[in-house]
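Undergrad: Questions regarding the structure given below will be posed in turn.
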Amino acid sequence: MGTGRTIPGVLYSTAESSSKLNPRLAQLQPYPFQKLQALFEGITPNQDFSPVNLHIGEPRHATSAFISQALSEHIAGLAHYPTTLGNSSLRSSIASWLARRYRLPDLDPETQVLPVNGSREGLFSIAQAIIDPSAPQAMVACPNPFYQIYEGAAILAGAAPSFLNTLPEDDFALDFAQLSDDAWSHTQLAYVCSPANPTGKILSEEEWRRLFELSDRYGFVIAADECYSEIHFEGDVPPSGALEMAHRLGRTGYPRLLAFNSLSKRSNVPGMRSGFVAGDASLLEKFLLYRTYHGSAMSPAVQAASEAAWNDESHVAENRRLYQEKFIAVIDALVDTLPVSRPDAGFYLWMKTPISDVIFARKLYHDYNVTVLPGTYLARYSHGINPGENFVRMALVEPLAECIEAAARIKMLVSCL
Ligand SMILES: Cc1ncc(COP(=O)(O)O)c(C=O)c1O
């Protein structure tokens, strides 16, 4: 028996008392939004202002009717168990999308593409499938700041996360020399995110070349998170992708490389839970085996709607236009007040704060009823610093008028500091 705390009539079951629980669960950090909730506890925001929520990266633009229609037209599919591999027509649509988008030679939809239930599910489960926790000091490299799923995936798979800080003085580029040769030699998996959440940074060809060299030397797998790849700006070359770079650098068959993408941001369907993983066929064969047990097959109706979404680009262009409009307006409103600039891509403004990010976020909520996420909640203390310190992340997901209103309130806040 553990040391469960009891009061009359109530038995508390705590992690401490449940000695049979997986001890790795105790290492997981609360999610950034839980930390934000704790930060705001006891605060009543100024009721003179309506709430504007920019802390969470949930797309709010409307889902296109043709996607909802495809979903409802295939609802009868709920009567069947889907296969983990998914329909070949969905995999073919994804393979064709990849070939078109990244100017790739045709991928084999039978062996080089798998559907996943959102990139989050795929990014998490790949670590469970490939990490060997019996290896001494198994490590998973992550950018910092980063999407917290990478860290949880590493820990639950029995590895330790190691961090590559991305800093404003390096224009948020990845500096692989931050990890020692010894650390790289224990690395089994490296997550990269391009365009990055929260910085919006796109990996350069030179960063890819260096990462591929390290993967060749030390044998780790690269999981490239590309879920913001389609949220880019008019007139820019669309963000390059992992498979594109591998192809350009002559890496036939994409050895040890897996790219993850999603319809959530591209097509405004975060609730549909639909994405894919593509790349190294031998890894995908093993991942498919893992997933069969994990029970992560995609609903047939979602598969049909996903196929429709991957086959259409016009709704994505409209989606981009809406974000672009918001970036122009918000940056225009803030540029005289704070050092803001347009990111390479994505829908986040990673904004430097004149005071502590945590205090800034708290004051902005208290005084002006605007929620943004403190940068320190999105990063870990590593190499002597928390690279999220004195930054906040604003997701430009609310309608244009609300985003402009939030910018005006931020100006008011800064003018009073
Ligand atoms: C960097 C990053 N990767 C992956 C995801 C997961 O997205 P989804 O599972 O909806 O594809 C998110 C969601 O916010 C994200 O920000």
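The values are calculated or read from the model by the stated rules, or taken from the named source; none is laboratory data. Since the model is a prediction, treat every value here as computed from it, not as a measurement. Virtual Cβ from ideal backbone geometry, glycine too; neighbours counted across all protein chains shown.
Undergrad: How many residues does region 24-70 contain that are over 20 Å from Met394 (Cα atoms), within 16 Å of the ligand (Cβ to nearest atom) and among the aliphatic types (A, V, I, L, M)?
TA: Within region 24-70, residues that are over 20 Å from Met394 (Cα atoms), within 16 Å of the ligand (Cβ to nearest atom) and among the aliphatic types (A, V, I, L, M) number 1.
Undergrad: Of the residues Ile130, Ile94, which is among the aliphatic types (A, V, I, L, M) and either away from the ligand (no atom under 16 Å from the Cβ) or within 19 Å of Val221 (Cα to Cα) (or both)?
TA: Ile130
Undergrad: Assess whether Leu364 counts as being assigned to a helix (DSSP H, G or I), modelled with pLDDT of 95 or more and not assigned by TED's automatic domain parsing to the domain that holds Thr84.
TA: Judged against the criteria, Leu364 is a match.
Undergrad: Which condition from (1) surrounded by 14 or more Cβ atoms within 10 Å (Cβ to Cβ); (2) under 24 Å from Thr252 (Cα atoms); (3) away from the ligand (no atom under 16 Å from the Cβ); (4) not basic (Lys, Arg) is the one that Met139 breaks?
TA: Looking at each condition in turn, Met139 falls short on (2).
Undergrad: Is it the case that Arg320 is surrounded by fewer than 22 Cβ atoms within 10 Å (Cβ to Cβ), on the phi > 0 side of the Ramachandran plot and either within 16 Å of the ligand (Cβ to nearest atom) or not in a loop (DSSP other than H, G, I, E, B) (or both)?
TA: Spelling it out, it is not the case that Arg320 is surrounded by fewer than 22 Cβ atoms within 10 Å (Cβ to Cβ), on the phi > 0 side of the Ramachandran plot and either within 16 Å of the ligand (Cβ to nearest atom) or not in a loop (DSSP other than H, G, I, E, B) (or both).
Undergrad: Let me confirm something: among Glu230, Glu244, which residue is over 23 Å from Ile67 (Cβ atoms), surrounded by fewer than 24 Cβ atoms within 10 Å (Cβ to Cβ) and either touching a residue at least 60 places away in the same chain (Cβ under 8 Å) or of a type in the set (A, V, I, L, M, F, W, C) (or both)?
TA: Glu244
Undergrad: Something else now. Give me the strands (runs of 3 or more DSSP E) completely within region 116-199, filtered to those with at least 3 residues that are over 17 Å from Gln29 (Cα atoms), ordered by residue number.
TA: Per the criteria, 187-193.
Undergrad: Go through region 324-339 and report how many residues are more than 16 Å from Leu400 (Cα to Cα) and free of Cβ contacts under 8 Å to residues at least 12 places away in the same chain.
TA: The qualifying residues number 2.
Undergrad: For the list (1) in a loop (DSSP other than H, G, I, E, B); (2) touching a residue at least 40 places away in the same chain (Cβ under 8 Å); (3) within 16 Å of the ligand (Cβ to nearest atom), I need the number of the one condition that Ala278 fails.
TA: Going through (1) in a loop (DSSP other than H, G, I, E, B); (2) touching a residue at least 40 places away in the same chain (Cβ under 8 Å); (3) within 16 Å of the ligand (Cβ to nearest atom) one by one, Ala278 breaks only (1).
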